[in-house]
1. Residues that are surrounded by 12 or more Cβ atoms within 10 Å (Cβ to Cβ) and charged (D, E, K, R), at least 3 per element: which helices (runs of 4 or more DSSP H) completely within region 30-131 meet that?
2. Return yes or no: is A23 at pLDDT 80 or above, exposed (fewer than 15 other Cβ atoms within 10 Å of the Cβ) and not charged (D, E, K, R)?
3. Go through region 174-200 residue by residue and tally those that are over 20 Å from the mean Cα position of the chain (by Cα) and outside any helix (DSSP H, G or I).
4. Identify, please: which residue in region 132-156 is in contact with a strand residue (DSSP E or B) (Cβ under 7 Å, 6 or more places away or on another chain) and assigned to a strand (DSSP E or B) and is, among those, modelled with the highest pLDDT?
Amino acid sequence: MEAVLNHLRPFRSQLENRATEQAWYELQQPQEKFTASYAQPKIIFPDIASDLRFAYDSKGAFFSNTAYCIANDSHYLLGILNSAVVRYFYVYLSAQIRGGYLRFWTQYVEQIPIPAAPQSERTAIERLPQSGLMESVLVLQGRAIDSDQLRQVQQLVASHPQWSRYRLSRELCALWQWRAPNGQLKDMAARTLLLKLAERGHLDLPAKRRLSPNRMLHKQLRPVSHECQPIADPLAALRPLAVTELSQRPEGLARHGCEERVGRGCGRNGRKR
């Protein structure tokens with residue numbers, strides 16, 4: 001116990017601020033301490049989002065750990081947090097998960113710089129969240145895309161209806177100098193970005209000109225009858241075993257239905273292991 005206390009003593013002041021009914025060095029239920037803050041007007045935001053989603057809560061809402069709050073009702077702060085400048089900064093600050101979604105953990109949000117603006121500027125910014133005039137910026141594929149960039153993409157697509165999706169993605173990379181560290185164009189990321197913009201109704205892409213290069217995507221597998229009796233033998237008794245790739249061997253596709261079931265739990269001769 002003494003060793004634990006010695007480890008925690010340098011952090012005592014911070015731990016006392018979190019303490020509720022327990023002693024400062026014990027496990028806490030700190031949310032009880034913040035009940036008053038939850039019940040007041042505040043700024044709330046989600047744990048995961050594709051864009052900045054800071055919002056004003058005037059009703060004192062309570063929520064679980066898929067959302068967080070800032071115990072502050074400043075519309076100036078809300079305007080700054082939802083600004084294009086913070087969005088550009090935050091894309092490079094936050095961890096990102098599949099699909100370009102951002103994480104809004106405290107360790108990232110607390111690093112957002114809030115300028116000490118003069119009162120005239122604060123007043124102008126405070127009016128933005130209430131007027132609905134804040135610029136809408138998309139965050140896709142790890143990029144913050146403002147209205148000017150969106151119009152640029154829309155014009156590129158509309159001006160070249162004869163271009164394929166492949167060429168559009170490469171031309172967009174060249175236009176934005178969107179390259180990997182080795183200098184290669186990030187055309188796959190650009191193509192995904194174009195698809196997401198199309199899915200959201202921001203533009204119309206040309207029709208696909210060829211099927212996917214995945215050679216197995218469009219092939220029909222024919223089921224093959226086979227034994228499914230359990231195998232009681234140890235693995236060593238089943239040797240030799242071999243794995244054969246059949247997708248490029250037409251004569252092997254007739255057996256593919258059985259091979260597919262092997263991948264789902266069948267063994268040699270199609271019997272389950």
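1. 119-131
2. Yes: the conditions hold for A23.
3. Counting residues in region 174-200 that are over 20 Å from the mean Cα position of the chain (by Cα) and outside any helix (DSSP H, G or I) gives 7.
4. Here the answer is I145.
The values are calculated or read from the model by the stated rules, or taken from the named source; none is laboratory data. As the structure is a prediction and not an experimental result, all values here were calculated from the model. Methodologically, a virtual Cβ is constructed for each residue, glycine included, from the backbone with ideal geometry; neighbour enumeration extends over all protein chains shown.
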